[in-house]
1. Output the number of residues of the stretch 150-159 satisfying the condition of being part of a loop (DSSP other than H, G, I, E, B) and either over 22 Å from the mean Cα position of the chain (by Cα) or buried (at least 21 other Cβ atoms within 10 Å of the Cβ) (or both).
2. Output the residues belonging to the stretch 10-55 that are among the polar types (S, T, N, Q), surrounded by 17 or more Cβ atoms within 10 Å (Cβ to Cβ) and not in a strand (DSSP E or B).
3. Among the residues of the stretch 96-155, count how many are without any contact (Cβ under 8 Å) to a residue 12 or more places away in the chain and hydroxyl-bearing (Ser, Thr, Tyr).
4. I'd like to verify a number: residues in the stretch 162-218 that are within 22 Å of the chain's Cα centre (by Cα), farther than 28 Å from His93 by Cβ and assigned to a loop (DSSP other than H, G, I, E, B), how many?
5. Of (1) open to solvent by 20 Å² or more (accessible area, probe 1.4 Å); (2) out of contact with any Asp or Glu (no Cβ under 8 Å at 6 or more places or on another chain); (3) part of a strand (DSSP E or B), Met64 satisfies all except one. Which?
6. Residue under question is Ala104, and the condition is that it be under 30 Å from Gly180 (Cβ atoms) and modelled with pLDDT of 95 or more; does it hold?
7. With the requirement that a residue be of a type in the set (Phe, Trp, Tyr) and either in a loop (DSSP other than H, G, I, E, B) or over 24 Å from Cys112 (Cα atoms) (or both), what does the stretch 67-87 give you?
8. If we keep just the residues of the stretch 230-268 that are open to solvent by 60 Å² or more (accessible area, probe 1.4 Å) and hydroxyl-bearing (Ser, Thr, Tyr), which is modelled with the highest pLDDT?
Amino acid sequence: MFKVVKKRFLNEAKTICLFEIEAPLVAKHAQAGQFVIFRLDEQGERTPVSVAGYDREKGTVTVMVQAAGHTTKMLHTVEEGDYIADFVGPLGHPTEMEGLKSVAVVGGGVGCAIAYPIAKEMHEKGIEVDMIAGFRSKDIVILEDEMKAASTNLYLATDDGSYGRKAFTTTILKELLDSGKKYDRVIAIGPGLMMKLVADVTKPYGVKTIVSLNPIMVDGTGMCGGCRVSVGGETKFACVDGPDFDAHEVDFDLLLKRGAFYLDEEAEMNEHICKMTGGKRNG
């Protein structure tokens, strides 16, 4: 059993929540870019979530979770002092940072929760980090102060212009590249379509671009094949080969198609939860 030692909602809409979990063995080895798989109880589903931080001395790992499906909505009802059944990791490869001097980190929505620790670690290593963070609207903005402290320059935008600049992350990135900004690498984390568009922007400039993929995943060991993606014409598994991949080699059309495979079932489950809770939706 793993104890929840801290819980904090990160935005006005209360759709994204930070959890600090007591897991000494995971904290001992975790690095930015990796992920864990948790289970609420013995009957619960296995759910992957990225490592958003760790404290080796305290033996805790931080995750930031968006209430989207049944399990993540149920996690949002867990309180400080409660326990969850499983917390396995760290899994996947950490983000490569060796030799980098100037990087653009692009986060979209809840993807900023994954992009932030990567930007933070790079910034602490002395790498120049331009962070571009995009959200649909003001009420779902997260980690603004943390991202500002973890980057050389923070560019924050919303789709509707309700906070920061009214723009898309790709628009800002292209402006920076057009202005002559030179990056050793661009790292994009967020919705599949956003990552695809970032790759389209950077390709003409010849900038190596990395994306962190989060396809459907079950066991996290490469055995089930659920998280398979096509990269450079070859089948890869996000759990053991990733989650970071060269954006210019990812088959995003296939990724987006597979990501939408269970949307109808998810909508049906959400409707069921809504009825069971008298019309209230968690998160």
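1. From the stretch 150-159, those part of a loop (DSSP other than H, G, I, E, B) are 150-152, 159; that's our starting set.
Then drop every residue that is not either over 22 Å from the mean Cα position of the chain (by Cα) or buried (at least 21 other Cβ atoms within 10 Å of the Cβ) (or both), which leaves 150-151.
Looking only at that region, the number is 2.
2. Asn11, Thr15, Gln34
3. The total comes to 0.
4. The total comes to 4.
5. (1)
6. Criteria met by Ala104.
7. Start the filter on the stretch 67-87 by keeping residues that are of a type in the set (Phe, Trp, Tyr), which leaves 83, 87.
Within the stretch 67-87, Tyr83 is the sole residue that qualifies.
8. Applying the filter and picking the extreme gives Thr235.
The values are calculated or read from the model by the stated rules, or taken from the named source; none is laboratory data. As the structure is a computational prediction, the values presented were derived from the model and not from experiment. Cβ sites come from the backbone with ideal geometry, for glycine too, and all protein chains shown count toward neighbours. The protein model used for the area step is the full one, side chains on, heavy atoms only, and it has no ligands, DNA or RNA in it. Shrake-Rupley method; radii C 1.70, N 1.55, O 1.52, S 1.80 Å.
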